[in-house]
1. Checking LEU288 against (1) within 16 Å of the ligand (Cβ to nearest atom); (2) touching a helix residue (DSSP H, G or I) at 6+ places or on another chain (Cβ under 6 Å); (3) closer than 22 Å to LEU101 by Cβ; (4) open to solvent by 20 Å² or more (accessible area, probe 1.4 Å): exactly one of these is not met. Which one?
2. Filter the stretch 303-337 for residues that are assigned to a loop (DSSP other than H, G, I, E, B), open to solvent by 40 Å² or more (accessible area, probe 1.4 Å) and of a type in the set (Ser, Thr, Tyr) and give the result.
3. Among VAL157, VAL164, which is of a type in the set (A, V, I, L, M, F, W, C) and within 16 Å of the ligand (Cβ to nearest atom)?
4. Go through (1) closer than 25 Å to GLU102 by Cβ; (2) in contact with a Leu (Cβ under 9 Å, 6 or more places away or on another chain); (3) of a type in the set (Val, Ile, Thr) one by one and return the number of the condition VAL297 breaks.
5. Using the structure shown, decide if TYR240 is open to solvent by 30 Å² or more (accessible area, probe 1.4 Å), among the hydroxyl-bearing types (Ser, Thr, Tyr), within 16 Å of the ligand (Cβ to nearest atom) and more than 24 Å from SER7 (Cα to Cα).
Amino acid sequence: MDLWYKSTRDSKERVRASEAVLTGLAPDGGLYVPETVPEFTVPLKDLTDARYQDVAYEVMRLFLTDYTEAELKDCIEKAYDSKFDVPEIAPVVKVGYVYHLELFHGATIAFKDMALSILPYLMTTAARKNQVENEIVILTATSGDTGKAALAGFADVPGTRIIVFYPKDGVSKIQERQMVTQKGGNVDVVALHGNFDSAQNGVKAMYTDQALKEELAADGYQFSSANSINIGRLVPQIVYYFWAYIQMLSRGQIEDGEEINLVVPTGNFGNILAAYYAKRMGLPVKKLLCASNENKVLYDFFTTGIYDKNRDFILTISPSMDILISSNLERLIYEIAGEDARITRELMEELSRTGRYTITQEMRDQLDCFVGGFATETQTKEQIREVYQRTGYIMDPHTAVASFVCKQYRVDTNDPAKCVIASTASPYKFVGSVMSAIDSSCENVDEFTLLKEFPKLSHTPMPPAIRDILDAEVLHHRECDPGQMKATVEDILHL
Ligand SMILES: *Cc1c(COP(=O)(O)O)cnc(C)c1O
């Protein structure tokens, strides 16, 4: 039976999974949510010999019901292959008294790979199923991690093109090098003379530009979005929470049915929302710890019921969490509003008008499985150093935010449940901040110099993702002003 998706802002809009993957955002501006959250009925202890790919199929088939078994398995096998540097794809590692679910073994060593390595296949399959013959063009504005993961995911996938805009002076040297060396006949990378917001606004404007849409169609193209609100990114992220549980079960680290806590370093609320769906599907999860950096809008929301983005934007050493509007929270709001599209729309309109909204006590009561926490910059760095000194394990700054929040929670509550921390990036990717946290003499040293030291210090081999960019040829030289983004796209596509 087909599972349908409806928009959080209009209860009448109803589409199949493949259409939701293809369009991303609903036409009314809402996000697609499944009409019911399916139950996971396979006993977890029966999966202890399964591969990641098998678990992925068992989870994703429940959501992507209009994909055939052959189609879905094909997408999964193509996505989760030797691009990942370990056969477990997302291994669980015990670090002191907690467990780290390492989501950074993919092509770009950040957790975005978990979803962006499969999204292109889900999307091209969806295009075929819906008789779309146009080539799909993905436009992405990036502040760093998403751009490279999307480029790597879409590179040389037949039937797709991808164009990434990044702020010229707004990403790290390593992130920039990762993008401008990207290979693939269908990829373009453009350095924008502006900040992330101007990149994002320019991309949004092109997505809604009717004239451009017609120009594209005339040449056999259409836009689609690889943004984290696409259910094609959300659904693959549910998989690894089941996978973490299964790994721990098979090693006897937990009993069958034992509840665990999940701790997630959060920005756009996508990763933790996937954890929430896993819980709703029946995974034994007690608490969901939502960890923020100093941009702690979500911590304030969970502790007061008020979402308020009217505050200074703080640049931190965990830049992928420097977000004041967590788009995916809309799906949770819809849920706790009793699936009322009108209430959700009003709150979201209030957010865009005033920058804030307040939820009712009745809505707050349904959030009791969430615990908000945050770490300051100092706490984050101390956590990196403390865990390194105690265990030898080196975390990236995003993971360290979650690690600190986890420690604080255990001290505050004495909750004995085992904690699994979603480890969202390899420390190699943020080697400058990480090494400075451990040893202050590294503070002004060039990141590429530090990279060479890092295998010795961390006792981990240099990931291919880093090795490959050290002396890779720069392939992308395009730059443009914010006002020229559309002309640049027209030029790239020869419109
Ligand atoms: C994107 C990202 C996050 C935040 O994930 P959301 O799904 O946006 O909450 C955390 N850490 C890293 C390294 C990321 O790239």
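The values are calculated or read from the model by the stated rules, or taken from the named source; none is laboratory data. Because the structure is a prediction, the values reported are computed rather than measured. FYI the Cβ positions are ideal-geometry reconstructions off the backbone, even for glycines, and counts take in every protein chain you see. Protein only, heavy atoms only, side chains kept; ligands, DNA and RNA dropped before computing areas. Shrake-Rupley method; radii C 1.70, N 1.55, O 1.52, S 1.80 Å.
1. Unmet condition: (4).
2. Of everything in the stretch 303-337, just one residue is assigned to a loop (DSSP other than H, G, I, E, B), open to solvent by 40 Å² or more (accessible area, probe 1.4 Å) and of a type in the set (Ser, Thr, Tyr), namely SER327.
3. On inspection, the qualifying residue turns out to be VAL164.
4. The single condition VAL297 does not satisfy is (1).
5. no
Listed here are the residues, each with its yes/no results for (1) open to solvent by 10 Å² or more (accessible area, probe 1.4 Å); (2) on the phi > 0 side of the Ramachandran plot; (3) among the β-branched types (Val, Ile, Thr).
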residue: TRP4; (1), (2), (3): yes, no, no
residue: ALA20; (1), (2), (3): no, no, no
residue: GLU35; (1), (2), (3): yes, no, no
residue: TYR52; (1), (2), (3): no, no, no
residue: MET60; (1), (2), (3): no, no, no
residue: ALA79; (1), (2), (3): no, no, no
residue: LYS94; (1), (2), (3): yes, no, no
residue: THR108; (1), (2), (3): no, no, yes
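Quick grid of which residues meet (1) in contact with a Cys (Cβ under 9 Å, 6 or more places away or on another chain); (2) part of a helix (DSSP H, G or I); (3) open to solvent by less than 60 Å² (accessible area, probe 1.4 Å):
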residue: ARG177; (1), (2), (3): no, yes, no
residue: VAL190; (1), (2), (3): yes, no, yes
residue: ASP197; (1), (2), (3): no, yes, no
residue: VAL203; (1), (2), (3): no, yes, yes
residue: MET206; (1), (2), (3): no, yes, yes
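Results for (1) under 22 Å from GLY270 (Cβ atoms); (2) in contact with a strand residue (DSSP E or B) (Cβ under 9 Å, 6 or more places away or on another chain); (3) open to solvent by less than 20 Å² (accessible area, probe 1.4 Å), shown as yes or no for each residue.
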site	(1), (2), (3)
GLY355	yes, yes, yes
GLN366	yes, no, no
VAL371	yes, yes, no
THR376	no, no, no
LYS381	no, no, no
ILE394	no, no, yes
THR413	no, yes, no
ALA417	no, yes, yes
LYS429	yes, yes, yes
